[in-house]
Amino acid sequence: MAGKKLTCLDCGQVNRVPAEKLASGPKCGTCGARLMPGKAIEVDAATLAKAARTDDVPLVVDFWAPWCGPCRSMAPEFGKAASLLGTEARLVKLNTEDFPQVGAQHGIRGIPTMVAFAGGREAKRQSGAMPAGQIVGWVRD
């Protein structure tokens with residue numbers, strides 16, 4: 001039985017987890033952090049790059065900035081969506097103010113913008129604030 005590769009969002013170590021164990025709270029073999037946290041996690045540029053390239057579970061990134069009103073209003077909704085999606089996807093946030101080069105690299109022209117990665121590639125993107133239900137629907141679609 002092949003496992004799913006997941007990059008630890010805390011230390012960046014790649015872990016392999018059996019698919020049937022994703023819902024049972026797997027932890028990183030290096031640092032012990034939860035691999036499927038069920039909440040939106042803030043990541044840095046290196047962790048995002050590695051997870052987007054490596055992970056077998058879809059990764060949804062919210063590109064945001066602290067000065068952006070719609071970003072701040074969407075933040076709790078993005079967190080709720082992470083909880084609702086469970087093991088279907090991992091939701092992370094990247095602050096474009098702290099990592100402007102990453103926003104430029106991914107062609108982010110407006111925020112908030114969500115980008116879904118699957119199989120090491122960008123699968124789709126959506127700009128604008130959305131409520132949790134719409135985010136879940138967008139991820140599942």
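The values are calculated or read from the model by the stated rules, or taken from the named source; none is laboratory data. For clarity, every value in this text was computed on a predicted model and none was experimentally measured. Cβ coordinates were reconstructed from backbone atoms using ideal geometry, including for glycine residues, and neighbour counts include every protein chain displayed. These accessible areas exclude ligands, DNA and RNA; they are computed on the full protein's heavy atoms, side chains included. Shrake-Rupley method; radii C 1.70, N 1.55, O 1.52, S 1.80 Å.
A few comments on the model shown:
- Screening Ala46 with (1) open to solvent by 30 Å² or more (accessible area, probe 1.4 Å); (2) under 15 Å from the mean Cα position of the chain (by Cα); (3) within 25 Å of Trp138 (Cβ to Cβ) gives one miss only, at (3).
- Only residues that are open to solvent by 60 Å² or more (accessible area, probe 1.4 Å) and within 23 Å of Ala49 (Cα to Cα) were counted in the stretch 111-141, giving 8.
- Leading residue by the ranking (surrounded by the fewest Cβ atoms within 10 Å (Cβ to Cβ)) among those in the stretch 1-24 that are touching a residue at least 60 places away in the same chain (Cβ under 8 Å) and assigned to a helix (DSSP H, G or I): Ala23
- Checking every residue in the stretch 74-82 against the condition of being touching a residue at least 60 places away in the same chain (Cβ under 8 Å), closer than 20 Å to Arg34 by Cβ and not charged (D, E, K, R) gives zero matches.
- Subset tally (residues that are over 15 Å from Val57 (Cβ atoms) and either within 15 Å of the chain's Cα centre (by Cα) or open to solvent by 60 Å² or more (accessible area, probe 1.4 Å) (or both)) for the stretch 85-110: 14
- Selection status of Thr87, among the β-branched types (Val, Ile, Thr) and closer than 19 Å to Ser24 by Cα: yes
- Residues in the stretch 53-65 include none that are among the acidic types (Asp, Glu), farther than 18 Å from Ala123 by Cα and either open to solvent by less than 70 Å² (accessible area, probe 1.4 Å) or in contact with a Cys (Cβ under 8 Å, 6 or more places away or on another chain) (or both).
- Some residue of the stretch 24-35 being under 22 Å from Ala75 (Cβ atoms) and at pLDDT below 95: no
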